[in-house]
Amino acid sequence: MAGLKGLPLDADTIQNELRKFLVDELGIEERELDPASRLITTGIIDSMDMLMLVAFVENNFGLTIKALDVSVEEFDSLDRLAEFVLHRATASLG
(Lines give C-alpha, C1' and ligand atoms only; values in the text may rest on other atoms or scores of the structure.)
Protein backbone atom coordinates (compact mmCIF):
# COMPACT_ATOMS: atom_id res chain seq x y z
CA MET A 1 0.00 0.00 0.00
CA ALA A 2 1.50 3.36 -1.00
CA GLY A 3 1.31 6.10 1.56
CA LEU A 4 3.20 9.09 2.77
CA LYS A 5 5.35 10.73 0.09
CA GLY A 6 5.02 7.64 -2.08
CA LEU A 7 6.64 5.44 0.59
CA PRO A 8 5.07 2.08 1.36
CA LEU A 9 2.76 2.55 4.32
CA ASP A 10 3.83 0.05 6.96
CA ALA A 11 4.31 0.20 10.72
CA ASP A 12 8.05 0.94 10.47
CA THR A 13 7.55 3.82 8.02
CA ILE A 14 4.78 5.26 10.18
CA GLN A 15 6.90 4.98 13.34
CA ASN A 16 9.83 6.70 11.64
CA GLU A 17 7.65 9.59 10.47
CA LEU A 18 6.07 9.95 13.91
CA ARG A 19 9.50 9.87 15.59
CA LYS A 20 10.82 12.51 13.19
CA PHE A 21 7.84 14.77 13.95
CA LEU A 22 8.20 14.33 17.71
CA VAL A 23 11.91 15.18 17.59
CA ASP A 24 11.91 17.92 14.93
CA GLU A 25 8.65 19.69 15.73
CA LEU A 26 8.04 19.01 19.42
CA GLY A 27 11.67 18.97 20.56
CA ILE A 28 11.51 15.57 22.24
CA GLU A 29 14.84 13.85 22.76
CA GLU A 30 15.42 10.92 20.41
CA ARG A 31 16.62 8.79 23.34
CA GLU A 32 13.13 9.03 24.90
CA LEU A 33 11.46 7.50 21.86
CA ASP A 34 11.82 3.76 21.63
CA PRO A 35 8.73 2.10 20.11
CA ALA A 36 7.24 1.17 23.49
CA SER A 37 7.99 4.44 25.32
CA ARG A 38 4.89 5.73 27.09
CA LEU A 39 4.39 9.17 25.57
CA ILE A 40 1.40 10.44 27.51
CA THR A 41 1.42 8.55 30.80
CA THR A 42 5.05 9.47 31.50
CA GLY A 43 4.65 13.11 30.44
CA ILE A 44 6.87 12.97 27.34
CA ILE A 45 4.06 14.78 25.52
CA ASP A 46 1.42 17.04 27.02
CA SER A 47 -2.07 17.98 25.87
CA MET A 48 -0.86 20.69 23.47
CA ASP A 49 1.67 18.26 21.97
CA MET A 50 -1.15 15.76 21.61
CA LEU A 51 -3.21 18.23 19.56
CA MET A 52 -0.24 18.84 17.30
CA LEU A 53 0.36 15.10 16.98
CA VAL A 54 -3.25 14.47 15.97
CA ALA A 55 -3.03 17.27 13.37
CA PHE A 56 0.22 15.79 12.04
CA VAL A 57 -1.33 12.33 11.70
CA GLU A 58 -4.38 13.75 9.91
CA ASN A 59 -2.36 15.91 7.53
CA ASN A 60 0.43 13.48 6.76
CA PHE A 61 -1.46 10.22 6.59
CA GLY A 62 -4.70 11.56 5.10
CA LEU A 63 -6.89 10.51 8.01
CA THR A 64 -9.76 12.16 9.82
CA ILE A 65 -9.55 11.57 13.55
CA LYS A 66 -12.58 12.32 15.70
CA ALA A 67 -12.20 13.37 19.32
CA LEU A 68 -13.67 10.04 20.44
CA ASP A 69 -10.92 8.21 18.55
CA VAL A 70 -8.17 9.89 20.57
CA SER A 71 -7.29 7.87 23.65
CA VAL A 72 -4.31 7.25 25.86
CA GLU A 73 -4.50 3.59 24.86
CA GLU A 74 -4.11 4.36 21.14
CA PHE A 75 -1.67 7.29 21.37
CA ASP A 76 0.58 6.38 24.31
CA SER A 77 3.42 4.78 22.34
CA LEU A 78 4.88 4.82 18.85
CA ASP A 79 3.96 1.13 18.51
CA ARG A 80 0.30 1.69 19.35
CA LEU A 81 0.00 4.90 17.34
CA ALA A 82 1.57 3.30 14.26
CA GLU A 83 -0.90 0.39 14.56
CA PHE A 84 -3.77 2.87 14.88
CA VAL A 85 -2.66 4.82 11.78
CA LEU A 86 -2.07 1.67 9.74
CA HIS A 87 -5.45 0.22 10.72
CA ARG A 88 -7.29 3.46 9.94
CA ALA A 89 -5.45 3.95 6.64
CA THR A 90 -6.19 0.36 5.58
CA ALA A 91 -9.86 0.67 6.60
CA SER A 92 -10.25 3.87 4.58
CA LEU A 93 -9.13 2.08 1.42
CA GLY A 94 -11.94 -0.32 1.32
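Brief remarks follow.
- Helix-only CD estimate at 222 nm, as mean residue ellipticity for the chain, using -39500 (n - 2.57) per DSSP H run (n ≥ 4): -16500 deg cm²/dmol
- Surface accessible to a 1.4 Å probe, per residue, for the residues of the chain, Å²: 58
- Taken over region 11-63, the percentage of Cα pairs per 10 Å bin, counting from 0 up to the bin with the maximum distance, is 24, 61, 15.
- Of the DSSP H helices in the chain, those whose Cα atoms cover at least 20 Å axially and whose Kyte score averages -1.0 or more: 47-61, 78-93
- For region 6-94, the carbon plus sulfur part of the accessible surface works out to 52%, probe radius 1.4 Å.
- Chain lengthening between MET50 and GLU32 when straightened (0.36 nm per residue, less Cα-Cα): 4.9 nm
- For region 42-94, Kirkwood radius (reciprocal of mean inverse C-alpha pair distance, Å): 11.5
- Solvent-accessible area of ASP34 with every protein chain in place, 1.4 Å probe, in Å² to the nearest 10: 80
- Accessible area (Å², 1.4 Å probe, nearest 10) - ASP10: 60
- Where ASP76, ASP49 fall by accessible area, highest first, once all protein chains stay in place (1.4 Å): ASP49, ASP76
- Probe 1.4 Å, all protein chains present, accessible-area order of THR90, THR13, largest first: THR90, THR13
The values are calculated or read from the model by the stated rules, or taken from the named source; none is laboratory data. The structure displayed is predicted, hence computed values, not measured ones. The accessibility values were calculated without ligands, DNA or RNA, using every heavy atom of the protein model including side chains. Shrake-Rupley method; radii C 1.70, N 1.55, O 1.52, S 1.80 Å.
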